[in-house]
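All of the numbers you see were taken from the coordinates with simple rules; none came from a lab. Small disclaimer: the values here were computed from a predicted structure and weren't measured. With ideal geometry, Cβ positions are generated from the backbone for all residues, glycine too; neighbour counts draw on all protein chains shown.
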Amino acid sequence: MSTSLSTSGRTNVPAPDPAPDPMQALAPALRQHARQQWRGLWAMGAVLLLLSVALLLLSNSYWLKTFTSALTLSVAVAGTALLYGQLGLVSLCQYALVAVGGWVALRLSHGFGLPFELCVLAGGLCASAAGMVAGLPALRLKGLYLALVTLMMAGGYQVLVSAVGFPDGGAGWLGKAQGTGRLMMARPAWAESDAAYLAYVVAWLALILVLIEWHRRSRAGRSWALIRRGEAAATSAGVHVLLYQSWAFGLAGFCAGVAGALLAGGVGQLDGRAFAASESVLMFALTVVGGAYHWLGTLLAGLLLRAVPALLTEWGVNGFLAQVFFGAALLHALITAPRGIAGQWVDGLTRLFAHLFARPPGPSRERRS
Amino acid sequence: MIRLDSVTVQFGGLKAIDELSAELDAPVCGLIGPNGAGKTTLVNVLSGLVVPRSGRVEVDGSNLLPLAPVQRVRWGLRRSFQTEQVVEDLTVWDNVRAVLDHVPAGERAIAQDVAEVLHYTHLADVATRLGSEIDLFHRRMVELAKALVDRPRLLLLDEPGAGLDERESALLREALLGVQQFRGAQVLLIDHDVDLIAATCRQTLVMDFGRRLALGPTAEVLADADVRRAYLGA
């Protein structure tokens, strides 16, 4: 069935249909759009591959560990970016959920000797459940109030983790060793060296980014976009707001949990003092600076979180100056780059490619002037 | 057919709708009234965003009040808002496709359904453009397209022509008049544009202070002395 409208202003008279099958007429444009989307995905894979090869070739032991931490945190940042970029929600407990994932992975690894991948998945799933709980206030609260509630949750986790600590091969439910005998978490057999573990982390990061991209392009992504536009409008389009919002918090928590497990595998042990609530605030701020609307932003935010402070330390600059640098970067992002550094870079590259591959004007057009 | 039976909505001490009863059976019905008359509240009652204190609401014989808003969408009720709700970072195609994610799949293939609706609403040429890249006319048509996918039974359109110029309004008018033939759905149209109401609506309900001021054939209603005094300022 296809009824077309005439443009003559006469009403109630179906015009002759210029395109017998609307789908057929639209198919080329849709195919081209799909190709563009696939190109974006291939570009992501290529950038990650090049980045890991470059880091493996150029980094010494110190920088290998630093970049491993940075890219591990990019996995967690992907969750923060998902909530902020897709739903417009500010969650300030993402780093606390990293601790949840790390705790579960360490406990399962030391207590049951499970394969590393299973520990990572279990850490992700437990943090996902915790993330859904953190997201419950979002059903009633938005903006500043949601940020404050999640920050208080992060504070609660900070107290808990400081009191309980992380499992390190000891006995009992908490798995905490007393005095000597603290164990390191076993890495996967094929990623025991620092270089191999960096590549392993990049593979997990790629999986997480693909998982999020797949969500963004599917029913969940469209529903999140409608919720971000307005809950009343989303409800009127049939979106089950509770379900899709909880799903987003669960996925963001999963990202944090996977990051926690990878962090535990990278360092071997985790320290409760490293999971202060302020780390979640810093992670959110640098997610905005890096860019919450593009996968490139998650990479940049991870590098800002770990690689930039390490660089300043290597240059002999006081570590506190990093905070000043981040504050200035956040101001810059809020004022001039609402889509973050990634947004600026992507826009710049798009303009560059458009300039480089623009078709030169034909001879007839030149003669016309 | 929309049947309202003694519908009352109260916000604190304010009666936004006061014992409203009406039967609307034309393919395209108008709903007009001065600001604060209760028009948008009535649309919110029909779509489930506001629960009335008392009364009964039936559409095509189905009692809508026990249904949650999401269930009403699956039933076939669609609405647009005064402020268009196009998502900036989704393509026009995905903006429309998003509604089909949440309604039972019809007999037609989803892609075919979206393509037909985009063609009908003059959006085929901008199907792959992002919401942030299209003009106001196309944004308004996206809202209409979202309401037309699958098997809609009742469209509640809240000022769908706001901000459109004369030519664009004419295209919208044609689209509204063809809805019954295109998808078989009834349209309840709220608009301050009396010309649009007069050109598209066979039957019009006029509200004032939450009450029914007039109901009947649009020409008669618009000529009614009370309506002219309350709404048209004549």
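Considering only the range B:129-144, I want to know if a residue exists there that is more than 23 Å from A:Pro28 (Cβ to Cβ) and either at the interface with chain A (Cβ under 9 Å from one of its Cβ atoms) or in contact with a Phe, Trp or Tyr (Cβ under 8 Å, 6 or more places away or on another chain) (or both).
yes
Please determine, by comparing only the residues of the range B:202-230 that are of a type in the set (S, T, N, Q) and part of a strand (DSSP E or B), which one is farthest from B:Gln10 (Cα to Cα).
My answer is B:Gln203.
Given the structure, is A:Ala333 in a helix (DSSP H, G or I) and closer than 28 Å to A:Leu89 by Cα?
yes
Of all residues in the range B:87-120, which are crowded, with 22+ Cβ neighbours inside 10 Å, more than 16 Å from A:Arg216 (Cα to Cα), under 19 Å from the mean Cα position of the chain (by Cα) and facing another protein chain (nearest Cβ under 8 Å)?
B:Leu118, B:Tyr120
Pairs please, first residue from the range B:23-51 and more than 21 Å from B:Arg72 (Cα to Cα), second anywhere and of a type in the set (Phe, Trp, Tyr) and surrounded by fewer than 22 Cβ atoms within 10 Å (Cβ to Cβ), Cβ atoms under 7 Å, 6+ apart in sequence or on different chains.
Once the first residue is more than 21 Å from B:Arg72 (Cα to Cα) and sits in the range B:23-51, its partners that are of a type in the set (Phe, Trp, Tyr) and surrounded by fewer than 22 Cβ atoms within 10 Å (Cβ to Cβ) give B:Ala37/B:Phe209.
Just checking, does the range A:81-97 include any residue being touching a Cys at 6+ places or on another chain (Cβ under 9 Å) and β-branched (Val, Ile, Thr)?
Scanning the range A:81-97, I find no residue that is touching a Cys at 6+ places or on another chain (Cβ under 9 Å) and β-branched (Val, Ile, Thr), so the answer is no.
Residues of the range A:208-245 being assigned to a loop (DSSP other than H, G, I, E, B) and among the charged types (D, E, K, R), which ones?
A:Arg217
Which of the residues that make up the range B:159-201 are within 14 Å of chain A (Cβ to nearest Cβ), charged (D, E, K, R) and either under 18 Å from B:Leu148 (Cβ atoms) or not in a helix (DSSP H, G or I) (or both)?
Hits for the range B:159-201 are B:Asp165, B:Glu168, B:Arg173, B:Glu174, B:Arg183.
Based on this model, can you work out whether B:Arg3 counts as more than 30 Å from B:Leu164 (Cα to Cα) and of a type in the set (D, E, K, R)?
Numbers: more than 30 Å from B:Leu164 (Cα to Cα): yes; of a type in the set (D, E, K, R): yes.
Taking the combined requirement at face value, the residue satisfies it.
Could you list all residues from the range A:207-230 that are under 16 Å from the mean Cα position of the chain (by Cα), at the interface with another protein chain (Cβ under 9 Å from one of its Cβ atoms) and charged (D, E, K, R)?
A:Arg217
So which residues in the range B:71-83 are surrounded by fewer than 21 Cβ atoms within 10 Å (Cβ to Cβ) and out of contact with any strand residue (DSSP E or B) (no Cβ under 8 Å at 6 or more places or on another chain), if there are any at all?
B:Gln71, B:Arg74, B:Thr83
Provide a single number: the residues in the range A:249-290 that are among the hydroxyl-bearing types (Ser, Thr, Tyr) and crowded, with 20+ Cβ neighbours inside 10 Å. I'd like the intermediate steps shown before the answer.
Within the range A:249-290, the subset among the hydroxyl-bearing types (Ser, Thr, Tyr) is A:278, A:280, A:287.
Going one step further and asking which of them are crowded, with 20+ Cβ neighbours inside 10 Å, we end up with A:280, A:287.
The qualifying residues number 2.
Mind telling me which of the residues A:Leu97, A:Leu50, A:Leu151 ends up being surrounded by fewer than 18 Cβ atoms within 10 Å (Cβ to Cβ) and of a type in the set (A, V, I, L, M, F, W, C)? Walk me through it before giving the result.
On the way: A:Leu97 fails: surrounded by fewer than 18 Cβ atoms within 10 Å (Cβ to Cβ); A:Leu151 fails: surrounded by fewer than 18 Cβ atoms within 10 Å (Cβ to Cβ).
Every option except A:Leu50 fails the conditions.
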